[in-house]
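The values are calculated or read from the model by the stated rules, or taken from the named source; none is laboratory data. Keep in mind that what you see is a predicted model, and the values were worked out from it rather than measured. Counting neighbours? That spans all protein chains shown, and the Cβs are built from the backbone with ideal geometry, glycine included. Each accessible area value is taken on the protein alone, full model and side chains, heavy atoms only, with ligands, DNA and RNA left out. Shrake-Rupley method; radii C 1.70, N 1.55, O 1.52, S 1.80 Å.
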Amino acid sequence: MDLKALGCVVLLPIQILYYIVKATVCWFLPSRRRDLTGDVVLITGGGRGIGRHLAKEFAVRGAKKLILWGRTEKCLKEACEEIALMGTECHYFVCDVANREEVYKQAKVVREKVGDVTILVNNAAVVHGKHLLNSDDDALLKSQHINTMGQFWTTKAFLPRMLELQNGHVVCINSILSLSPIPGAIDYCTSKASSLAFMESLTLGLLDCPGVGCTTVLPFHTNTEMFQGMRVRFPQLFPPLKPEVVAQKTVDAVRTNTAFVYLPWTMHALVILKSMLPQSALEEIHKFSGSYTCMNTFKGRT
């Protein structure tokens, strides 16, 4: 090992300690926040659920323009009208993010009609909600194409211009189930785990790209139509999140350039426990929390 490499090895623990201290100090001090007044925000799955609340939250925080993508025109139109009444310019486009050609085509239309997207929010998702052997093959593929591959196509469509402008942010609404899967949602958990790996890789890949950042939000069970019927064993201990809270925390994270957000904050403990406890102990925690059976009453979006 040469002297330069040895020096890097010696300095590494000091650098890690420095950044831990820095992050701790920044936690208590007010951080610089991104001004959204010049931003054009595109939200996939923006017609309902968390996506719709995200659109309203970005509008409240002063975003210049909002663009909503989704598969159901009725929902998109209603959400767009709601945003317009708030005084923010809003456009919607029917687009299935699972369809690569459609994404690229609509991205071109967006640039021509609205302008350059500076904040991309990958929010669109579906859940089949069945055990593997009871799952329809096409439904399983649909989950992977929308929840995972859709992010590839939208990011490839909009990230190059962000890099040119040195101004942009890619957001992913993920799920804590990407780190702690449950039975009965194998399609969703798998796709979200892939999505998380995509965002971790992308975040590291953009470290040396000035002006462009990433945010990944991993919420606990959120009270939306998509997970209608899902039951938590102890709702007093683990209450479902409100979609408007997820939206508020997401926009805050974008403005402070926070890379990863766990909601609620107690989910950090889950990540730590999973890395420390034996599998048998984790299985007991799952049994105690009722995650083995929480999808038995699942109905999903109607």
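State whether the residues of region 92-105 include one that is over 24 Å from Arg161 (Cα atoms), surrounded by fewer than 23 Cβ atoms within 10 Å (Cβ to Cβ), in contact (Cβ under 8 Å) with a residue 24 or more places away in the chain and of a type in the set (Lys, Arg). First the steps, then the outcome.
Initially, region 92-105 is screened for residues over 24 Å from Arg161 (Cα atoms), giving none.
Checking region 92-105: not a single residue is over 24 Å from Arg161 (Cα atoms), surrounded by fewer than 23 Cβ atoms within 10 Å (Cβ to Cβ), in contact (Cβ under 8 Å) with a residue 24 or more places away in the chain and of a type in the set (Lys, Arg).
Give the residues of region 50-80 that are open to solvent by 30 Å² or more (accessible area, probe 1.4 Å) and either farther than 16 Å from Val251 by Cβ or not hydrophobic (A, V, I, L, M, F, W, C) (or both), sorted by residue number.
Scanning region 50-80 gives Arg52, His53, Lys56, Arg61, Lys64, Lys65, Arg71, Thr72, Glu73, Lys74, Lys77, Glu78.
Quick check on Leu202: is it open to solvent by 10 Å² or more (accessible area, probe 1.4 Å), at pLDDT 95 or above and part of a helix (DSSP H, G or I)?
Against the criterion (open to solvent by 10 Å² or more (accessible area, probe 1.4 Å), at pLDDT 95 or above and part of a helix (DSSP H, G or I)), Leu202 qualifies.
Name the pairs whose Cβ atoms lie under 7 Å apart, with the first residue in region 188-203 and among the basic types (Lys, Arg), the second modelled with pLDDT of 95 or more and buried (at least 19 other Cβ atoms within 10 Å of the Cβ), and 6 or more positions between them or separate chains?
Cβ pairs passing all conditions: Lys192/Asn147; Lys192/Asn174.
Among the residues of region 100-138, write down those that are over 21 Å from the mean Cα position of the chain (by Cα), hydrophobic (A, V, I, L, M, F, W, C) and in a helix (DSSP H, G or I).
Val109, Val110, Leu132, Leu133
It is to be established whether one or more residues within region 231-239 are aromatic (Phe, Trp, Tyr), at pLDDT below 90 and crowded, with 19+ Cβ neighbours inside 10 Å.
No: region 231-239 contains no residue that is aromatic (Phe, Trp, Tyr), at pLDDT below 90 and crowded, with 19+ Cβ neighbours inside 10 Å.
Taking Val127, is it touching a residue at least 24 places away in the same chain (Cβ under 8 Å), within 17 Å of Thr250 (Cα to Cα) and surrounded by 22 or more Cβ atoms within 10 Å (Cβ to Cβ)?
No; evaluated as a whole, the condition is false for this residue.
When only residues in region 254-282 that are in contact (Cβ under 8 Å) with a residue 60 or more places away in the chain and part of a helix (DSSP H, G or I) count, which is nearest to Gly62 (Cα to Cα)?
Arg255
Assuming Lys192 fulfils every condition listed in (1) under 23 Å from Asp96 (Cα atoms); (2) surrounded by fewer than 20 Cβ atoms within 10 Å (Cβ to Cβ); (3) of a type in the set (Lys, Arg) apart from one, which condition is it?
For Lys192, the exception is condition (2).
Checking the structure you have, find out if any residue of region 34-41 is surrounded by 18 or more Cβ atoms within 10 Å (Cβ to Cβ), among the β-branched types (Val, Ile, Thr) and not in a helix (DSSP H, G or I).
For region 34-41, residues surrounded by 18 or more Cβ atoms within 10 Å (Cβ to Cβ), among the β-branched types (Val, Ile, Thr) and not in a helix (DSSP H, G or I): present.
Given the criteria open to solvent by 50 Å² or more (accessible area, probe 1.4 Å), modelled with pLDDT under 95 and of a type in the set (Asp, Glu), does Asp187 qualify? Give the derivation first.
Details: open to solvent by 50 Å² or more (accessible area, probe 1.4 Å): no; modelled with pLDDT under 95: yes; of a type in the set (Asp, Glu): yes.
No.
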